[in-house]
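Below you'll find the structure, written out as structure tokens, and then a few comments.
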Amino acid sequence: MTKIYRQGAIGALLDEYEKAILDLSQIISDINDNELITIVDTVTQDSGCESVQSILAHIVCSGYAYALYIRQLSGDQSDFLDDVIRTTISDYQKDLADFFIFTEDTFKNITDNQLEESDNTKKIVTSWGQVYDIEQIMEHAIVHVLRHRRQIEKFKIQLREK
């Protein structure tokens with residue numbers, strides 16, 4: 001089957017984001033309900049990194065947040081979401097697909113020329129104080145999924161060594 005690629009710089013960002021999300025969805029597909037909720041990291045100070053469940057809730061919440069930051073540049077003032085705790089992997093897989101569709105929709109009225117911005121007053125200022133243009137926040141979003149996918153892969157090993 002031939003892969004269909006989206007066009008332009010936005011297309012490349014969306015293709016890579018989708019690839020990262022689909023890879024994560026595949027990695028979690030064999031996690032059972034007990035593994036999902038088991039606290040793996042008992043020493044972390046970050047409640048979003050204790051279990052596969054908390055990591056996935058964080059990824060989904062963040063996925064929507066990145067798109068909402070981009071939408072705010074156009075005047076959208078939608079509220080950011082809180083983490084949503086799910087009890088099955090299939091629910092999280094649906095959430096992953098849904099926030100990607102939301103992100104895709106975010107780019108419907110954005111052109112490749114709008115991705116880079118050198119004027120800091122026109123950039124996104126995140127809740128953690130980092131300043132991004134659209135391209136940078138999307139690159140961050142992609143790597144965010146990749147880093148947490150790696151973390152979940154390590155959690156799966158720990159869960160199954162017991």
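The values are calculated or read from the model by the stated rules, or taken from the named source; none is laboratory data. Bear in mind the structure is a predicted one, so any value in this text is a computation, not a measurement. Quick reminder, even Gly has a Cβ in these numbers, built from the backbone with ideal geometry, and neighbours come from all protein chains shown.
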(message) Condition first: closer than 30 Å to R160 by Cα, exposed (fewer than 11 other Cβ atoms within 10 Å of the Cβ) and free of Cβ contacts under 8 Å to residues at least 60 places away in the same chain. Can you find one or more residues in the stretch 56-77 that meet it?
(response) no
(message) Checking the conditions here, which among T2, T38, T44, T88 is modelled with pLDDT under 95, surrounded by 12 or more Cβ atoms within 10 Å (Cβ to Cβ) and farther than 25 Å from V125 by Cα?
(response) T44
(request) List every residue pair whose Cβ atoms lie under 8 Å apart, where the two residues are 6 or more positions apart in sequence or sit on different chains, the first residue falls within the stretch 124-142 and is part of a strand (DSSP E or B), and the second residue, located anywhere, is among the hydroxyl-bearing types (S, T, Y) and surrounded by fewer than 19 Cβ atoms within 10 Å (Cβ to Cβ). (result) Y132/T126
(message) So, L96, is that one over 23 Å from A20 (Cα atoms) and surrounded by 13 or more Cβ atoms within 10 Å (Cβ to Cβ) or not?
(response) no
(message) For E161, only one of the following conditions fails: (1) over 23 Å from E16 (Cβ atoms); (2) surrounded by 13 or more Cβ atoms within 10 Å (Cβ to Cβ); (3) among the charged types (D, E, K, R). What is its number?
(response) (2)
